[in-house]
Amino acid sequence: MLNQSPAQRIEPPEGSMAVGTGKGGVGKSTVAAHLAGESAKDGYRTLLICVTGQDDDDLGIKRYSRGVHPKGASALDGEGLYRAIHDRVPLQPIREVRPNLDVLPGGPRVADIANVLMLRLMQEGPGVVQSLAHSLAPIAALYDRILFDSAPENDALEQLVLAAARTLIVPTRSDDSSIAGMERISKNFKVVKQQVNPSLQLAGAFLYGSNRSATLMHAAVRRDIRKTLGEGAPILDTIVGYREVPARNARKKGLLFSEYADLLPTSATPYDVKAGRATEADVVPETIVPLAKEMRELTNEIFEHHRRVA
Ligand SMILES: Nc1ncnc2c1ncn2[C@@H]1O[C@H](COP(=O)(O)OP(=O)(O)O)[C@@H](O)[C@H]1O
Ligand SMILES: [Mg+2]
């Protein structure tokens, strides 16, 4: 989307951070939702903007009708985000999805944003990459922290997010295609920083959803990350383990890991299921406890890195 002609600068909000890597299924949406949720729980006024075509609804906004929706047309399914960009008006998030947490959900309509940008690019030039930054600017002061979830495999949408953020945090899995996905975000990071957002900094990269005791493999992945993102790329220590069952259940219930873990003391047991008093879905797996703890460790470390570079 960008070429060589300069665009007018918009300073991204200080507490804004993008979660991105050019590959799907590595944990971006999970981590973005948890960064936003933990931040809000800590008392920071937080906004989560999901610039992604897949709405995983980790916060249960759609399935459990959470939050105070803006008057008029729906903000769900990426519609709110699309309208703001298309009509060039301020973002109108769904408010108080949790205390202190407002959200602009992603969804299928986000794909159309890329089309709008491409059409405008011809008439207006590379400044269109700042469309999201423009729609965010009027409400940015309402928030201490702004998190972006980003779309993989789409340069235009990745650049749109990077133009509006102060820092980038990059999750990856250990497989080669996830490592290759980092090359895309790395390339977009460089063009956006050079041409429209010189404040943009790399907060760090981290391995997500891995066997925590595979330390030799972790060292090899660290080398791969440095090869892709540069020798100076900060790499985080926390590794959230691969724990499929609690991760999947929590998302289904529209609960953050810590919220789901809070249900454990009153959960049905496998014994109740056998006795016909409960169903599988009522059983909170005990592995939610380490998962919630590791995620909390990770979000703390990410915010610390953000502070260091922002
Ligand atoms: N720690 C984890 N262990 C196992 N699976 C996880 C973990 N965290 C998230 N998941 C699952 O991995 C899948 C991909 O995660 P997601 O956050 O949607 O990735 P992305 O946004 O990068 O596509 C989802 O099904 C999610 O529930
Ligand atoms: Mg996602």
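Evaluate the following for SER178: is it within 16 Å of ligand 1 (Cβ to nearest atom), over 16 Å from MET17 (Cα atoms) and buried (at least 20 other Cβ atoms within 10 Å of the Cβ)?
Taking the combined requirement at face value, the residue satisfies it.
Listed here are the residues, each with its yes/no results for (1) within 16 Å of ligand 1 (Cβ to nearest atom); (2) touching a residue at least 12 places away in the same chain (Cβ under 8 Å).
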{"position": "LEU202", "(1), (2)": "no, yes"}
{"position": "ASN211", "(1), (2)": "yes, yes"}
{"position": "ARG223", "(1), (2)": "no, no"}
{"position": "ARG243", "(1), (2)": "yes, yes"}
{"position": "ALA268", "(1), (2)": "no, yes"}
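From the list THR30, THR46, exactly one residue is among the hydroxyl-bearing types (Ser, Thr, Tyr) and either within 13 Å of ligand 2 (Cβ to nearest atom) or under 30 Å from LEU121 (Cα atoms) (or both). Which is it?
That would be THR30, the only listed residue that is among the hydroxyl-bearing types (Ser, Thr, Tyr) and either within 13 Å of ligand 2 (Cβ to nearest atom) or under 30 Å from LEU121 (Cα atoms) (or both).
Kindly list, by first and then second residue, each pair from a residue in segment 282-310 that is over 22 Å from ALA203 (Cα atoms) and touching a residue at least 12 places away in the same chain (Cβ under 8 Å) to a residue that is of a type in the set (D, E, K, R) and surrounded by fewer than 22 Cβ atoms within 10 Å (Cβ to Cβ), limited to pairs with Cβ atoms under 6 Å and residues at least 6 apart or on different chains.
From segment 282-310, the pairs are THR287/ARG243; LEU291/ARG243.
Within segment 63-95, which residues are within 15 Å of ligand 1 (Cβ to nearest atom) and surrounded by fewer than 23 Cβ atoms within 10 Å (Cβ to Cβ)?
ARG63
In the set GLU259, GLU294, GLU244, which member is acidic (Asp, Glu) and closer than 21 Å to MET17 by Cβ?
When all the criteria are applied, what remains is GLU294.
Condition first: within 16 Å of ligand 1 (Cβ to nearest atom), of a type in the set (Ser, Thr, Tyr), in a loop (DSSP other than H, G, I, E, B) and closer than 22 Å to GLY127 by Cα. Can you find one or more residues in segment 2-16 that meet it?
For segment 2-16, residues within 16 Å of ligand 1 (Cβ to nearest atom), of a type in the set (Ser, Thr, Tyr), in a loop (DSSP other than H, G, I, E, B) and closer than 22 Å to GLY127 by Cα: absent.
Can you tell me which of GLY43, GLY106 is touching a residue at least 12 places away in the same chain (Cβ under 8 Å), crowded, with 23+ Cβ neighbours inside 10 Å and small (Gly, Ala, Ser)?
GLY106
Checking GLY25 against (1) within 16 Å of ligand 1 (Cβ to nearest atom); (2) assigned to a strand (DSSP E or B); (3) surrounded by fewer than 18 Cβ atoms within 10 Å (Cβ to Cβ), which test does it fail?
If we test GLY25 against (1) within 16 Å of ligand 1 (Cβ to nearest atom); (2) assigned to a strand (DSSP E or B); (3) surrounded by fewer than 18 Cβ atoms within 10 Å (Cβ to Cβ), just (2) comes out false.
I'm checking my understanding of the structure. Among residues of segment 28-50 that are part of a helix (DSSP H, G or I) and of a type in the set (Lys, Arg), which one is farthest from the chain's Cα centre (by Cα)?
Ranking the qualifying residues of segment 28-50, first place goes to LYS41.
In the list ARG212, ARG173, ARG166, ARG145, which residue meets the criterion of being farther than 30 Å from ARG243 by Cα and not aliphatic (A, V, I, L, M)?
None of the other options fit; the residue is ARG166.
Among the residues that make up segment 146-155, is at least one of them charged (D, E, K, R), within 16 Å of ligand 1 (Cβ to nearest atom), more than 18 Å from VAL309 (Cβ to Cβ) and modelled with pLDDT under 95?
So far as segment 146-155 goes, yes, one or more of its residues are charged (D, E, K, R), within 16 Å of ligand 1 (Cβ to nearest atom), more than 18 Å from VAL309 (Cβ to Cβ) and modelled with pLDDT under 95.
What helices (runs of 4 or more DSSP H) lie completely within segment 235-275 and have 1 or more residues being among the hydroxyl-bearing types (Ser, Thr, Tyr) and surrounded by 13 or more Cβ atoms within 10 Å (Cβ to Cβ)?
Counting at least 1 such residues, we get 257-261.
Would you confirm whether any residue within segment 236-248 is touching a helix residue (DSSP H, G or I) at 6+ places or on another chain (Cβ under 9 Å) and within 16 Å of ligand 2 (Cβ to nearest atom)?
Checking segment 236-248: at least one residue is touching a helix residue (DSSP H, G or I) at 6+ places or on another chain (Cβ under 9 Å) and within 16 Å of ligand 2 (Cβ to nearest atom).
The values are calculated or read from the model by the stated rules, or taken from the named source; none is laboratory data. Source: prediction; values computed, not measured. Heads up, the Cβs are rebuilt from the backbone with ideal geometry, glycines too, and the neighbour counts pull from every protein chain shown.
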